[in-house]
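Below is one structure, written out as structure tokens; comments come after it.
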Amino acid sequence: MKPINNTDRSRFLSAAAFTLATTFLGSTPSAEAQTSFDQIKQVKTGLLDIGYAEAGPADGEPVILLHGWPYDIYSYKEVSGLLAAKGYHVLVPYLRGYGTTKFLKASTPRNGQQAALAVDVIDFMDALKIKTAIIGGFDWGARTADIVAALWPERTKALVSVSGYLIGSQQANKAPLPPKAELSWWYQYYFATERGRLGYEANRRDFAKLIWQTASPEWHFNDAEFAQSAAAFDNPDHVAIVIDNYRWRLGLVKGEAKYEALEKKLATGPVITVPTVTLEGDANGAPHPAPAAYAAKFTGKYAHHTLTGGVGHNLPQEAPQAFADAIVEAAGYAK
């Protein structure tokens, strides 16, 4: 008998849970929920034409799920199906520089700073006339979700954040880390050089695969899974956004003046008051804070769960049922 690897186990458990969910609801998932990731929609904001996947009933509780680097919306394909079966209206946008999300003007700075990505989410909600939503994310997506919850709590019904509180500042990032921690950020320093920019431009797929392997050492993804997400990195602005993001963190480039007031607020380390569930995988190979280090940053109803069984950095794709359960849990806290 072929041994069951982590990916097979995750798919089996997700499929079983999905079947049970639809059985208890007395219905099967809508055609939109099943095919939404094959029918990417677009919506224009002031700066962007944002591509997004959508699943579940249009009148359901809105859930916005944000991916990270170097990942894309497919991190949430199984999560979206699970939540759609429970009646949630799920929206998964491509971040700027990924997939079908494009800038409307060639003159717009290809800015990857944290505040810019958060404003993109608010603009996305405004364009779709979404007043409030449950917001979840990991990696860049978790940082962005944290910022939206911290600065616009009136727009955030509840929050699910992998690796907890990730809001930072250029000033805070000036402080050196212990050598082992600095080693984990090797790519950030690589991207600070022109050699790194050219290297990422030429090898973005090989680079992404290496990050997937090191950030999730026990996740045995297959070539088809990787190729499906890697297509998002062909976006013409992808390299510029990624390089700017990491250079901004180190203070090597300035952000745009229009985001300065927001960055000043974020530099104070604002608490997050909305109901929150944080998650961590026991095999996360990417740099991440310890749960005890950020628990006090969440002052509303709060819970943390560390997942066992070899769950790595791409938690929604590796453990979709657990992530979907966290969305439901956070939604319950908001009632």
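For the stretch 6-333, the spherically averaged projection of the C-alpha convex hull amounts to 15.3 nm². Counting only Cβ charges, +1 for Lys and Arg and -1 for Asp and Glu, the dipole size of the chain around its Cα centre is about 700 debye.
Here is how the number arises for the chain: DSSP H runs of 4 or more residues each give -39500 (n - 2.57), the sum is divided by the residue count, and the result at 222 nm is -12500 deg cm²/dmol. Comparing Thr132, Thr278, Thr306 in a Gaussian network model of the chain (Cα springs below 10 Å), the most mobile by mean-square fluctuation is Thr306. Note: relative contact order over the chain, using C-alpha pairs below 8 Å and six or more positions apart, is 22 percent. Here the contact order of the stretch 280-333, divided by its residue count and restricted to Cα pairs under 8 Å and six or more residues apart, works out to 45 percent. For the chain, the share of DSSP beta bridges that are antiparallel, to the nearest 5, is 30%.
Step through the table entries Lys157/Lys180; Lys44/Lys335; Lys44/Lys258; Lys157/Lys209; Lys41/Lys157, compare each Cα-Cα distance with 30 Å, and write down the pairs that go over it. From Lys157/Lys180; Lys44/Lys335; Lys44/Lys258; Lys157/Lys209; Lys41/Lys157, over 30 Å: Lys157/Lys180; Lys44/Lys335; Lys157/Lys209. Coordinate range of the alpha-carbon atoms in the stretch 149-216 per principal axis, descending: 43, 29, 23 Å. Converting phi to 3J(HN,Hα) with the Karplus coefficients 6.51, -1.76 and 1.60 and the offset θ = phi - 60°, the stretch 164-179 yields x, 8, 10, 5, x, 7, 5, 5, 5, 6, 6, 6, x, 9, x, x Hz in sequence order, with x at every glycine or proline. Computed from phi, the 3J(HN,Hα) profile of the stretch 44-61 under the Karplus parametrisation 6.51, -1.76, 1.60 (θ = phi - 60°) reads 9, 10, x, 10, 10, 10, 8, x, 7, 9, 9, 8, x, x, 5, 9, x, 4 Hz, with x in place of Gly and Pro.
Only the coordinates and a few stated rules stand behind these numbers; no lab work does. Predicted model, so just to flag it, every value in this text is computed and none were measured. Every residue, glycine among them, receives a Cβ derived from its backbone with ideal geometry; neighbour counts consider all protein chains shown.
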